[in-house]
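Q: One structure follows; several queries about it will come next.
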Amino acid sequence: MKWPSLDTSFKCVKNWMEFAVEYWDSDSKACITACRAFVTSQTAEAHLHLFRAISSVVQEDTGRHIHFRHIHGEGIEVVTVDEHKGQALGLGMFLAELTQLTASTDTDIQALSAYDHLARCLRLCYVHFHRNLKKIQGKVTKEAYEAMRSLASAEPVPDLEETKRTIRAGGDKAVGK
């Protein structure tokens, strides 16, 4: 499982959210659910607790910690998330903890923040990203909307600072108000 995705569903059980870790299995040509949990909170702290619990089960079952390529040189390469509150930051916080527990102390990896870890292994789901952008189309300036769309490109953003300024100047909805 090198490229898992994290997904939160809201319609399965009343007053609960279903959190799942899924991955594509090439052999069976099917999406496999590796983990499912029901949660009542989407905070970063709740996700941190969830990732700790998942890690504990993995360690009990396999005798080793979950490995991430950017930390351990092998293991999970990219995690795709669906932009739910707290999900990414909770993962980043978990990765910072995991690094302190398992990574070699003679590398710079120990100094990475939660956000630094995410920059190395996080990918936003393209479908969710564009669906959320559609919701604010017409509520932000055209320039801000196009700047937001440019962030989903596989190509480097030519001037990230200018892109961020354009988005910030695009109205209240452009900055999440």
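Q: For LYS29, all conditions in the list (1) under 16 Å from the mean Cα position of the chain (by Cα); (2) open to solvent by 40 Å² or more (accessible area, probe 1.4 Å) hold save one; what is the number of the exception?
A: The failed condition is (1).
Q: Would it be correct to say that ALA96 is small (Gly, Ala, Ser) and more than 30 Å from LEU50 (Cα to Cα)?
A: It is false that ALA96 is small (Gly, Ala, Ser) and more than 30 Å from LEU50 (Cα to Cα).
Q: Right, another one. Take the residues of the range 1-26 that are part of a loop (DSSP other than H, G, I, E, B) and within 16 Å of the chain's Cα centre (by Cα): which is farthest from CYS121 (Cα to Cα)?
A: Restricting to residues being part of a loop (DSSP other than H, G, I, E, B) and within 16 Å of the chain's Cα centre (by Cα), the top hit is MET1.
Q: Output yes when any residue across the range 158-170 is out of contact with any helix residue (DSSP H, G or I) (no Cβ under 8 Å at 6 or more places or on another chain) and within 25 Å of LEU6 (Cα to Cα), and no when none is.
A: No; the residues of the range 158-170 include none that is out of contact with any helix residue (DSSP H, G or I) (no Cβ under 8 Å at 6 or more places or on another chain) and within 25 Å of LEU6 (Cα to Cα).
Q: Can you tell me which residue is least open to solvent (accessible area, probe 1.4 Å) among those in the range 1-26 that are out of contact with any strand residue (DSSP E or B) (no Cβ under 9 Å at 6 or more places or on another chain) and polar (S, T, N, Q)?
A: Out of the qualifying residues, it is SER26.
Q: Hey, another quick one. When you look at PHE94, is it under 30 Å from ALA152 (Cα atoms), among the aromatic types (Phe, Trp, Tyr) and touching a Lys or Arg at 6+ places or on another chain (Cβ under 7 Å), yes or no?
A: Here the answer is yes, as PHE94 does meet what is asked.
Q: Restricting attention to the range 55-109, which residues are of a type in the set (A, V, I, L, M), over 20 Å from GLU22 (Cβ atoms) and open to solvent by 40 Å² or more (accessible area, probe 1.4 Å)?
A: LEU89, MET93, LEU101
Q: So which pairs qualify, if the first residue must be in the range 130-148 and under 22 Å from GLU161 (Cα atoms) and open to solvent by less than 100 Å² (accessible area, probe 1.4 Å), the second must be assigned to a helix (DSSP H, G or I) and among the polar types (S, T, N, Q), the Cβ gap must be under 8 Å, and the two must be at least 6 apart or on different chains?
A: Note: pairs meeting the criteria are ALA144/THR166; ALA147/THR163; ALA147/THR166.
Q: Could you check how many residues of the range 36-54 are open to solvent by less than 60 Å² (accessible area, probe 1.4 Å) and either more than 16 Å from the chain's Cα centre (by Cα) or farther than 17 Å from GLY75 by Cα (or both)?
A: So the answer is 10.
The values are calculated or read from the model by the stated rules, or taken from the named source; none is laboratory data. Keep in mind the model is a prediction, meaning the values are calculated, not measured. Cβ: placed from backbone, ideal geometry, glycine included. Neighbour counts: every protein chain shown. Protein only, heavy atoms only, side chains kept; ligands, DNA and RNA dropped before computing areas. Shrake-Rupley method; radii C 1.70, N 1.55, O 1.52, S 1.80 Å.
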